[in-house]
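The block underneath contains the structure these notes are about, expressed in structure tokens.
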Amino acid sequence: MRRGGYDPYHGRSRGRTALKILIVILLIALALSVAALFLLEPYIRYSSDGVRVELPFFQSTGEAEPEEPTVSVPIQVVTPEPTPSPTPEPEETFRGVTISLEELEGAKDLLEEAGADAAILPVKTEAGSLNYQSQTAWGTSSTQAGVNETIAAFTGGELYTAAYLSCFRDNALPRIDRSLSIHSNSGNWWDDEQVRWLSPLSAQARAYVVQVCAETAALGFDELILDSCSFPDRGTVSAIKSDSNYAPDARTQTMETFFQELETALKDYPELKLSVVTSLEVLRGEDDGSGLTLDLLKQYADRVLVALPEGETAPDLEGLEVVPVVTAGAETGSWAILEQKTGKTAE
């Protein structure tokens with residue numbers, strides 16, 4: 001029933017208010033969604049996995065490289081080839097045996113039988129004789145016809161050849177000319193085997209020995225073995241007379257002069273090896289009275305030959321090969337058999 005012309009007031013409806021609020025919220029949400037759709041459209045990515053949004057502030061600053069396709073590479077197992085051990089160079093040895101001129105034809109068999117690889121031919125003996133025809137003025141050279149050609153044919157063969165020369169131990173020339181020899185108070189001095197010696201202090205004696213060495217080299221030998229290439233180091237040395245042919249203080253300097261003269265004479269034979277027979281004392285750095293020193297031998301010789309007392313071994317010298325002088329060969333190492341020529345023809 002109306003009162004005073006108005007309907008009675010019953011208050012606001014709570015349902016309407018709630019509905020209005022919901023509508024407003026939905027409209028705001030819709031507006032925000034539309035705005036977000038427009039703003040985020042450049043960052044929306046569609047793929048088979050669905051839709052995702054890639055916002056720039058979650059990405060790295062650099063440009064993404066396109067992923068390389070994964071390629072499966074088969075694994076190859078490489079077995080390294082075994083590195084062969086270096087082949088050791090054969091040890092250089094000198095195994096020489098003395099042969100005579102009459103044995104040249106069968107020299108190869110003689111060397112094989114002795115286990116040697118070098119033929120040693122005496123060219124100048126301790127008796128003072130020369131086993132070839134020399135151009136020297138002395139009457140000690142061979143008178144055998146064609147001997148030089150025979151020797152040259154032998155040295156030009158396949159065998160390694162060495163010439164043995166007894167340099168200043170010479171039993172012939174001091175009898176011919178005493179001015180060339182080493183003296184005692186009674187005349188020519190003799191060593192323990194009654195062999196005379198030329199004097200290295202004599203320029204004429206040195207020139208003779210140098211000429212013989214040069215003529216021997218011209219015959220085609222691979223090596224010269226110089227024995228008694230010194231002042232006397234054997235016998236009663238105290239009986240030697242000090243004079244113009246023997247000065248103890250000049251021995252080493254004299255031998256150096258000899259080696260220098262020999263080096264000049266052999267300059268045309270650069271492949272020729274030079275060996276010197278010496279004593280164990282010299283190789284130890286001691287003075288044996290010969291005038292030879294270890295420094296001289298290292299400077300002018302390619303190797304040295306030395307007779308070793310029983311129980312001794314050859315010293316190991318840097319830059320200088322040491323070859324023991326023996327009476328019988330061995331299967332290992334270097335060695336040389338030197339047939340001694342004493343020349344006991346003294347008068």
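Matching residues to (1) in contact (Cβ under 8 Å) with a residue 40 or more places away in the chain; (2) farther than 23 Å from ILE337 by Cα; (3) touching a His at 6+ places or on another chain (Cβ under 7 Å):
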{"site": "SER186", "(1), (2), (3)": "no, yes, no"}
{"site": "SER199", "(1), (2), (3)": "yes, yes, no"}
{"site": "TYR208", "(1), (2), (3)": "yes, yes, no"}
{"site": "LEU224", "(1), (2), (3)": "yes, no, no"}
{"site": "SER230", "(1), (2), (3)": "yes, no, no"}
{"site": "PHE258", "(1), (2), (3)": "yes, yes, no"}
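Hey, does the range 327-335 have a residue that's out of contact with any helix residue (DSSP H, G or I) (no Cβ under 7 Å at 6 or more places or on another chain), modelled with pLDDT under 90 and buried (at least 17 other Cβ atoms within 10 Å of the Cβ)?
no
Mind telling me which of the residues GLN194, GLN211 ends up being in a loop (DSSP other than H, G, I, E, B), over 20 Å from LEU296 (Cα atoms) and among the polar types (S, T, N, Q)? Quick ask: steps written out before the conclusion?
Values: GLN211 fails: in a loop (DSSP other than H, G, I, E, B).
None of the others qualify; the one that does is GLN194.
Looking at (1) in contact (Cβ under 8 Å) with a residue 40 or more places away in the chain; (2) β-branched (Val, Ile, Thr); (3) open to solvent by 20 Å² or more (accessible area, probe 1.4 Å), which is the only condition VAL276 fails?
VAL276 satisfies every listed condition except (3).
Going by what's in this entry, would LEU201 be described as outside any loop (DSSP other than H, G, I, E, B) and hydrophobic (A, V, I, L, M, F, W, C)?
On the way: outside any loop (DSSP other than H, G, I, E, B): no; hydrophobic (A, V, I, L, M, F, W, C): yes.
Against the criterion (outside any loop (DSSP other than H, G, I, E, B) and hydrophobic (A, V, I, L, M, F, W, C)), LEU201 does not qualify.
Name every residue in the range 257-273 that is open to solvent by less than 50 Å² (accessible area, probe 1.4 Å) and either of a type outside the set (A, V, I, L, M, F, W, C) or farther than 17 Å from LEU294 by Cβ (or both), in order of residue number. So that I can check it myself, show each step before the final result.
Within the range 257-273, the first condition is being open to solvent by less than 50 Å² (accessible area, probe 1.4 Å), and the residues that meet it are 257-259, 262, 265-266, 272.
Scanning the range 257-273 gives THR257, LEU262, ALA265, LEU266, LEU272.
Can you find, within the range 214-229, the residue that is most open to solvent (accessible area, probe 1.4 Å) among those that are among the hydrophobic types (A, V, I, L, M, F, W, C) and assigned to a helix (DSSP H, G or I)? Walk me through how you get there before you give the answer.
So in the range 214-229, the residues among the hydrophobic types (A, V, I, L, M, F, W, C) come out as 214, 217-219, 221, 224-226, 229.
Right, trim to assigned to a helix (DSSP H, G or I) and you get 214, 217-218.
Working: ALA214: 26, ALA217: 5, ALA218: 66 Å².
Applying the filter and picking the extreme gives ALA218.
Within the range 132-140, is even one residue of a type in the set (S, T, N, Q), free of Cβ contacts under 8 Å to residues at least 24 places away in the same chain and out of contact with any Pro (no Cβ under 9 Å at 6 or more places or on another chain)? Even if it seems obvious, please write down each step before you answer.
Within the range 132-140, the first condition is being of a type in the set (S, T, N, Q), and the residues that meet it are 133-136, 140.
Subset that is free of Cβ contacts under 8 Å to residues at least 24 places away in the same chain: 133.
Next, from what is left, pick out any that are out of contact with any Pro (no Cβ under 9 Å at 6 or more places or on another chain): 133.
Scanning the range 132-140, I find at least one residue that is of a type in the set (S, T, N, Q), free of Cβ contacts under 8 Å to residues at least 24 places away in the same chain and out of contact with any Pro (no Cβ under 9 Å at 6 or more places or on another chain), so the answer is yes.
Listed residues PRO232, PRO324, PRO309, PRO270; which is assigned to a loop (DSSP other than H, G, I, E, B), touching a strand residue (DSSP E or B) at 6+ places or on another chain (Cβ under 9 Å) and not small (Gly, Ala, Ser)? Please lay out each step first, then the result.
Working: PRO324 fails: assigned to a loop (DSSP other than H, G, I, E, B); PRO309 fails: touching a strand residue (DSSP E or B) at 6+ places or on another chain (Cβ under 9 Å); PRO270 fails: touching a strand residue (DSSP E or B) at 6+ places or on another chain (Cβ under 9 Å).
When all the criteria are applied, what remains is PRO232.
The values are calculated or read from the model by the stated rules, or taken from the named source; none is laboratory data. Keep in mind the model is a prediction, meaning the values are calculated, not measured. Virtual Cβ from ideal backbone geometry, glycine too; neighbours counted across all protein chains shown. We work out accessible area using only protein heavy atoms, side chains counted, and drop any ligands, DNA or RNA first. Shrake-Rupley method; radii C 1.70, N 1.55, O 1.52, S 1.80 Å.
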